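Colleague: Just dropping this structure here.
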Amino acid sequence: MTVRKNPAGGWICEIYPNGAKGKRIRKKFATKGEALAFEQYTVQTPWQEEKEDRRT
């Protein structure tokens, strides 16, 4: 999970909410505060978790 400065301007938030094997989310923002807020919001969402395997 990282928030970094974009060389072209702005900030990039790149996170893997479900770990290294999960889906990557990358988004651009105008300010660092917006990028950090999005990172915290995305990490704390329960609907992003991996589904439980209920096969028998």
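The values are calculated or read from the model by the stated rules, or taken from the named source; none is laboratory data. Because the structure is predicted, anything quoted here is derived from the model rather than measured. Don't worry about glycine lacking a Cβ; one is built from the backbone with ideal geometry, like all the others, and counts go over all protein chains shown.
Colleague: What pairs come out if I take residues in segment 1-17 that are touching a residue at least 12 places away in the same chain (Cβ under 8 Å) and of a type in the set (Lys, Arg) and pair them with residues that are assigned to a loop (DSSP other than H, G, I, E, B) and surrounded by 14 or more Cβ atoms within 10 Å (Cβ to Cβ) whose C-beta lies under 6 Å away, six or more apart or interchain?
Modeller: Within 6 Å, no pair qualifies.
Colleague: Right, here's the next one. Filter segment 1-27 down to the residues that are outside any loop (DSSP other than H, G, I, E, B) and surrounded by 14 or more Cβ atoms within 10 Å (Cβ to Cβ) and list them by number.
Modeller: Those that are outside any loop (DSSP other than H, G, I, E, B) and surrounded by 14 or more Cβ atoms within 10 Å (Cβ to Cβ): Val3, Trp11, Ile12, Cys13, Glu14, Ile15, Ile25, Lys27.
Colleague: Taking Arg24 as meeting all but one of (1) in contact with a strand residue (DSSP E or B) (Cβ under 8 Å, 6 or more places away or on another chain); (2) touching a residue at least 12 places away in the same chain (Cβ under 8 Å), write down the number of the exception.
Modeller: (2)
Colleague: Of these, Thr45, Thr31, which one is at pLDDT 95 or above, surrounded by fewer than 13 Cβ atoms within 10 Å (Cβ to Cβ) and among the hydroxyl-bearing types (Ser, Thr, Tyr)?
Modeller: Within the list Thr45, Thr31, the selection yields Thr31.
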